[in-house]
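Notes to accompany the following structure.
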Amino acid sequence: MKKIILLLSVISQCLVNTSCNQVQSQTNNVSEKAFKIDSLLQLYNDYDGFNGSVLVSHEGETVLKKGYGFANMQWDIPNDVNAKFQIGSITKPFTAILILQLVSENKLELHEPISTYLPNFPKENGDRITIHHLLTHSSGIVREGVNDKKQNRPEAMVNQFAEMPLDFEPGERFSYSNSGYTLLGYIIETITKESYEDVLNYKILKPLSMDNSGYYRNMPIIKNMSSGYYKGFGDYLNIERSDESTAYAAGALYSTVEDLQKLTKALQTDALLPKAYRSLLFKKHIEDPDYGGFYGYGFEILEKPIGNSGDKILTYGHSGTIDGYCALLTIIPSSESSIIFLNNTRRAYLNSMTAGITGILNDTTYNFPRKPLAQFMSKKIDEVSLEEGISFYKKNKDNSDYYINEVELIVEGYRYLQSGNAEYAAEVFKLSTEVFPDKENPYDSYAEALMTLGKNEEAIINYKKSLALNPNNYNAIKMLKKLENL
């Protein structure tokens, strides 16, 4: 009997140890992936390629959530997972979900003409366009409404494009249209007799406890709202704040990475929509030749690269850009994974970072960001000397660890020109003409710096070189007239 008890004890201990080892192995694996992702994103942040917040989940578990860079650059307030960002066109999945909720309640029909619900909409177009066409960007409605005067009332926004002729017959092809989603928002308001914002709140945000998301307006104070920036000549600049509620059902929302994770999880359940309607969000309704994928209802359906392995994986998601912000939501259904990027600068390498993260999640190889050579050159100029910086650029322009870019090199030149150092600017612009001899802008910029230095004859030579490469360079034509009349 004692032997049996001892044997059972040993077996029990072995099972406990095996279970502990499995848990420890899984924990170590998650920690290793988190470390790799963090290291990758920190490099992108160091190279001015990412300034925002991220949340990565894999097999239903959060791997990493963290902020990088600054939510407010004036006060050096860092980004974190509580920072709120405008999400631009990631608003479109919310609009599509609201529409399908109304369809599931028998208040709308996907393939009925929109004139059924909007009797005052011009019949020539309203009798041909369906809600399905609007959801799939196949309505033929122009991309944007008339922009001579910004409107933020839904009816006024719709009236900007309602009378315009369609670009093509509805259903004929895909053509991305913010106006189409503005019209969907107006249909939601017409059917419910409530504002888009109110419907969004009680049908999506409140049920999911998305307490840090909402409809953005520039006047109210929004706690933990990040500031939006764009990059000028080497430096980040404030955007001009405007009433982004004009983006409406096509792009007016703000959110956090944790709130968007709540949405991705809800889309795996019946929390917002029954499965039959949920599946319509991710169905390949129409091909999108520009992105090499398909569009569902409010979701892009793309095969995205897994690191640099050459393999691809099916994803659902959406990108978003608006003044001072860009964002990318990627859902990988096969592994219950999601990658959510929110960025408060107008430009970031969100697709490259997503590819790197999918490589890490799938234990395969991935690319690190290459170093921006122009930026490293300027650092060398500022810390050592002009000669050392120019020499560094020439020495490394064929080095695969760095990438060269005409615009970035010219931007560095203008950074010196705008700070009053025309001599340094001229040398950087001269370098740009040597590295990109078949481009017009380097010669034009070099000529501008030469003019500032009073070297008009050399400026004329370089303006002429720019004009030879592009006879429609009106700035060169204007400056040549000015110089030749001196």
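Would you mention how many residues in the range 251-280 are of a type in the set (K, R) and touching an Asp or Glu at 6+ places or on another chain (Cβ under 8 Å)?
So the count comes out to 1.
Evaluate the following for N224: is it out of contact with any helix residue (DSSP H, G or I) (no Cβ under 7 Å at 6 or more places or on another chain), on the phi > 0 side of the Ramachandran plot, surrounded by fewer than 24 Cβ atoms within 10 Å (Cβ to Cβ) and of a type in the set (S, T, N, Q)? Explain how you work it out, then say what you get.
On the way: out of contact with any helix residue (DSSP H, G or I) (no Cβ under 7 Å at 6 or more places or on another chain): yes; on the phi > 0 side of the Ramachandran plot: yes; surrounded by fewer than 24 Cβ atoms within 10 Å (Cβ to Cβ): yes; of a type in the set (S, T, N, Q): yes.
So N224 passes the test.
Go through (1) under 23 Å from the mean Cα position of the chain (by Cα); (2) among the aliphatic types (A, V, I, L, M); (3) modelled with pLDDT of 95 or more; (4) not in a loop (DSSP other than H, G, I, E, B) one by one and return the number of the condition I187 breaks.
(1)
Within the range 36-76, which residues are within 22 Å of K371 (Cβ to Cβ) and either open to solvent by 60 Å² or more (accessible area, probe 1.4 Å) or modelled with pLDDT under 95 (or both)?
K36, Q42, D46, Y47, D48, G49, F70
Can you tell me which residue is most open to solvent (accessible area, probe 1.4 Å) among those in the range 79-112 that are touching a helix residue (DSSP H, G or I) at 6+ places or on another chain (Cβ under 7 Å) and polar (S, T, N, Q)?
Ranking the qualifying residues of the range 79-112, first place goes to S104.
For A348, work out the one condition from (1) open to solvent by 20 Å² or more (accessible area, probe 1.4 Å); (2) at pLDDT below 95; (3) over 22 Å from I301 (Cα atoms); (4) not β-branched (V, I, T) it doesn't fulfil.
(3)
Could you check the range 238-259 and list, in sequence order, the residues that are modelled with pLDDT under 95, open to solvent by less than 70 Å² (accessible area, probe 1.4 Å) and farther than 23 Å from G180 by Cβ?
I239 - this is the single residue of the range 238-259 that is modelled with pLDDT under 95, open to solvent by less than 70 Å² (accessible area, probe 1.4 Å) and farther than 23 Å from G180 by Cβ.
Any residue that is in contact (Cβ under 8 Å) with a residue 60 or more places away in the chain and either crowded, with 23+ Cβ neighbours inside 10 Å or of a type in the set (D, E, K, R) (or both) - is there at least one of those in the range 115-130?
No, the conditions are met nowhere in the range 115-130.
Of the residues that sit in the range 450-464 and are assigned to a helix (DSSP H, G or I) and open to solvent by less than 80 Å² (accessible area, probe 1.4 Å), which one is nearest to A425 (Cα to Cα)? Working first, answer last.
Narrowing the range 450-464 to residues assigned to a helix (DSSP H, G or I): 450-452, 456-464.
When the remaining residues are screened for being open to solvent by less than 80 Å² (accessible area, probe 1.4 Å), the result is 450-451, 456, 459-460, 462-463.
On the way: L450: 9, M451: 12, N456: 16, A459: 14, I460: 17, N462: 15, Y463: 16 Å.
Top of the filtered list is L450.
If I go through the range 37-86 residue by residue, how many of them are part of a loop (DSSP other than H, G, I, E, B) and either among the β-branched types (V, I, T) or within 19 Å of the chain's Cα centre (by Cα) (or both)? Talk me through it step by step, then tell me what you get.
So in the range 37-86, the residues part of a loop (DSSP other than H, G, I, E, B) come out as 47-51, 59-60, 68-69, 73-76, 79-83.
Adding the requirement that they be either among the β-branched types (V, I, T) or within 19 Å of the chain's Cα centre (by Cα) (or both) leaves 47-51, 68-69, 79-83.
Counting residues in the range 37-86 that are part of a loop (DSSP other than H, G, I, E, B) and either among the β-branched types (V, I, T) or within 19 Å of the chain's Cα centre (by Cα) (or both) gives 12.
Working only within the range 306-325, note down all residues that are over 21 Å from A34 (Cβ atoms), open to solvent by 10 Å² or more (accessible area, probe 1.4 Å) and touching a helix residue (DSSP H, G or I) at 6+ places or on another chain (Cβ under 8 Å).
Matches in the range 306-325: L314, Y316, S319, T321, I322, D323.
When you scan the range 249-317 for strands (runs of 3 or more DSSP E) that lie fully inside it, which ones turn up with 3 or more residues that are not hydrophobic (A, V, I, L, M, F, W, C)? Spell out how you get there, then give the answer.
Working: elements: 253-255, 286-288, 293-295, 300-305.
In the range 249-317, the matching strands (runs of 3 or more DSSP E) lie at 300-305.
The values are calculated or read from the model by the stated rules, or taken from the named source; none is laboratory data. Since we're looking at a predicted model, the values are computed, not measured. Neighbour counts run over all protein chains shown; Cβ positions are idealised from the backbone, glycine included. Note: accessible area is taken over every heavy atom of the protein model, side chains too, but ligands, DNA and RNA are not part of it. Shrake-Rupley method; radii C 1.70, N 1.55, O 1.52, S 1.80 Å.
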